[in-house]
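Here the structure comes first, spelled out in structure tokens, and everything after it is commentary.
The values are calculated or read from the model by the stated rules, or taken from the named source; none is laboratory data. It should be emphasised that the depicted structure is a prediction, and the values quoted were computed from it without experimental measurement. No Cβ is skipped: glycine too gets one built from the backbone with ideal geometry, and neighbour counts run over all protein chains shown.
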Amino acid sequence: MSEPDFGFRASDFETAYSEELTSTGRFNLAIFGKTGVGKSTLINAMFGRTVAETGIGRPVTRDSQLYLHQSGTLGIYDTRGVEIGTDSERVLGDLRSLVGQLESRPLQDRIHVAWYCVRSTDARFEDTEARFIEALASLGLPVMLVLTQVGKRAEEYSPDALALGAAIQRRGLPIVHNRPYLTNALRDPWLGFGVHGLQHLLDDTFVIAPAGVARALVAAQQIDFDRKRRAADNRIRAAVGLATAAGATPIPFSDAAILVPIQTGMMGSIAVTYGVRLDASLVAGLAATGLATQAGRSVATSLVKLVPGAGTVIGGTINAAVAAAFTFGMGRAWREVCERMAKGEFGPADALDNEAIKSVFMAEFKRQATNRLRRR
Ligand SMILES: Nc1nc2c(ncn2[C@@H]2O[C@H](COP(=O)(O)OP(=O)(O)OP(=O)(O)O)[C@@H](O)[C@H]2O)c(=O)[nH]1
Ligand SMILES: [Mg+2]
């Protein structure tokens, strides 16, 4: 990848991205349930395509029936072709030794939460499943019981699903809040059921998971963009603080590149928060800041031309207010680009629509930086 002279430096971005990934850590979820109940569908709905892209995962030990899929800030443990009942003992044996090994490892390597899935339309919950859940709990794993494919029209749940949920609840199993989470992860146009219950499941997963992996879960999940926005805004605030400090000594135009590492670091961090892959965010970062880079000798100087009023305040130097406004504008514009990338609005990660990225970034940058300058 060729590097522009100023503006976005791919190497700075890569460094920031990988540092952020390391410090964010990983949220590890174990998911169980009988074949075909909708485990993969639930994971895809909650965490986006990240998991599917990691392929088949790898067995945690040779011959193990437990697989780990690891991608960025997310780890998923699951099984393949395992029958709860006949294969339970083997899976639980693998899990027991795994959990034992992980005890001495850092928090981010351990299993944080288990989801046990039951298909609501099966209308039955077997004793072998109850014993499996008890065994999970005895390993110290918090178990959330998820009813999948639950029909819901308006605010009415399907009576069958409610009956199954009540029957499970009566067993008094060691599950979180002693009640199932009612979900549907895929719109069913035939029956007219929409996706529901995922936000509640996620919110309680945040409560149950250790605080030390909350940032990883914010980054990994792909349904609650408010949480991502809040995390991004914290990072923007930090970068604006750094830029303000840098600008406290008026920076000559020619030295405005001093702001570039601050802004690039912020962008790397925000990309991680949105779960955007490194390769995709590199391409998007180059596209987004490319116009600024082409227009002048540095992002900061060329951006002056884009922001009404900025030129008059500075007179040959970049001052603190302008440095802050630019950094804020870039942060907000990049946040917008990352959110849309995460939602797939710019196309697939390996064929991004660069023109669309540019225009979204520039429009948002001008708007946000200008507002920030006016607010002074
Ligand atoms: N309508 C609807 N269909 C679902 C839902 N979840 C799963 N399905 C369908 O049920 C089938 C099985 O779903 P999977 O997600 O592959 O089930 P699984 O538990 O991962 O299955 P295995 O990996 O084979 O154990 C697929 O055809 C899905 O489309 C859901 O929430 N709603
Ligand atoms: Mg599956």
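Across segment 93-119, what is the number of residues that are farther than 29 Å from L21 by Cα and at pLDDT below 95?
Qualifying residue count, segment 93-119: 1.
Do you know which residues across segment 160-174 are in contact (Cβ under 8 Å) with a residue 24 or more places away in the chain and assigned to a loop (DSSP other than H, G, I, E, B)?
R171, L173, P174
Would you please name the residue that is nearest to G33 (Cα to Cα), looking only at residues in segment 126-150 that are part of a loop (DSSP other than H, G, I, E, B) and at pLDDT 95 or above?
Q149
Considering only residues that are within 16 Å of ligand 2 (Cβ to nearest atom) and among the acidic types (D, E), which ones fall in segment 77-92?
Selection gives D78, E83, D87.
Among the candidates T61, T41, T15, which residue alone is outside any helix (DSSP H, G or I) and among the hydroxyl-bearing types (S, T, Y)?
On inspection, the qualifying residue turns out to be T61.
Would you be able to say whether some residue in segment 98-105 is among the β-branched types (V, I, T) and within 14 Å of ligand 1 (Cβ to nearest atom)?
no
I want to confirm something. Restricting to segment 140-159 and keeping residues that are touching a Ser or Thr at 6+ places or on another chain (Cβ under 8 Å) and either touching a residue at least 40 places away in the same chain (Cβ under 8 Å) or not assigned by TED's automatic domain parsing to the domain that holds D204 (or both), which single residue is farthest from ligand 2 (Cβ to nearest atom)?
K152
Could you tell me whether any residue of segment 250-257 is under 27 Å from the mean Cα position of the chain (by Cα) and at pLDDT 70 or above?
no
Tally up the residues in segment 77-125 that are in a helix (DSSP H, G or I) and closer than 20 Å to L164 by Cβ, please.
The qualifying residues number 3.
Given the options L74, L66, L102, L95, name the one that is surrounded by fewer than 21 Cβ atoms within 10 Å (Cβ to Cβ) and away from ligand 2 (no atom under 13 Å from the Cβ).
L102
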